[in-house]
1. For residue 65, list long-range residues whose amide hydrogen, built 1.01 Å from N in the peptide plane, is under 5 Å from its own amide hydrogen.
2. Using each residue's phi in the range 260-268, evaluate 6.51 cos²θ - 1.76 cosθ + 1.60 at θ = phi - 60° and report the 3J(HN,Hα) Karplus result to the nearest Hz, with x for Gly and Pro.
3. Which far-off residues, 5 or more places away or on another chain, put their amide H under 5 Å from the one on residue 79, with H placed in the peptide plane?
4. Give a residue-ordered list of calculated ³J(HN,Hα) values for the range 148-153 (Karplus: 6.51 cos²θ - 1.76 cosθ + 1.60, θ = phi - 60°; whole Hz; x for Gly, Pro).
5. State the extension gain, in nm to one decimal, for the chain segment bounded by residue 213 and residue 198, taking 0.36 nm per residue of separation less the distance between their alpha-carbons.
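Read-outs: derived from the displayed coordinates by stated rules, not from any lab. Keep in mind the model is a prediction, meaning the values are calculated, not measured.
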Amino acid sequence: MTGPYAKTFLKAVRWILPVYALAGIAIYHFQDRIFFRPVPVPMDHRYEFGIPYRERNIRFRDNSNLNLMEFPVTGRPRRGIVLYLHGNRSNIGWYVEHVGDFHRNGYDVWMIDYPGYGKSTGPMESDMLFAYALQMYKLARTQVSSDSIVIYGKSLGTGIAAWLASRQPSARLVLETPYYSLSSLAASRLPIFPWERMLRIRLDTWAYLRTISVPVTIFHGTDDGVIPYRNAERLKSLLKAGDRFLTVPGGGHRDLGRFSEYRAVMDSLLSVGRQ
């Protein structure tokens, strides 16, 4: 390339490269704000959930606090415990509306908040997310056997739930609106950046699924505007015999519970097991 075209190209490169570099630096330093939407509350805050609950605050590494909420089933025998790893928005209070789906099938529901969410504190790191999930699992095991534990992940929590299920025994794993990996999800939005090297939080759902022996069920809507269906669909090839990938036509990111297909399958899954 020579002449005026070459000069124009070089000028464009001199302008684009600094902008690209500055944008990459900004994204790297502010990535927590991009991926996480926490709403912290004071330690003396009292939640008004409208249903009975037990709250635990567990001192963790370096004086971090792990906030755990237990929502016990009432009016019927307890069949087991659902460990619910929630999404990236707000705190536990945002997800309490889903507890009834499990209560009607006889399951207690336990939820933790991630560092920076609700009353939980500590560094937002992959290892801390995993450690908090593992602590919840260990506490649940003091009450029920592993085959009475259902590990459930929603959105952001699907990677954490899959990690937990790959390392600890349970009755089954359920993933609602999962991603193939956090880096692939970011790349689906801004493919021009090297997300594999940029992200501090590594949640590779695909890698965890390869070593999970318990039954896995995945729900994803075709109209999900947060985690594209095509991103989650890549997980299909990693499922083993007996696992299910349930496509919800027209389903979005936050409304799968309104679809009869989701409710029917969930009720069927939770009715299987110990009576």
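1. For residue 65, whose amide H was placed from the backbone, the distant partners under 5 Å are 60, 121, 122.
2. 4, 4, 5, 4, 5, 5, 4, 4, 5
3. 107, 108
4. Coupling constants for the range 148-153: 10, 10, 10, 9, 10, x Hz.
5. Values: separation 15, 0.36 × 15 = 5.40 nm, distance 3.12 nm.
Net length gain for the segment: 2.3 nm.
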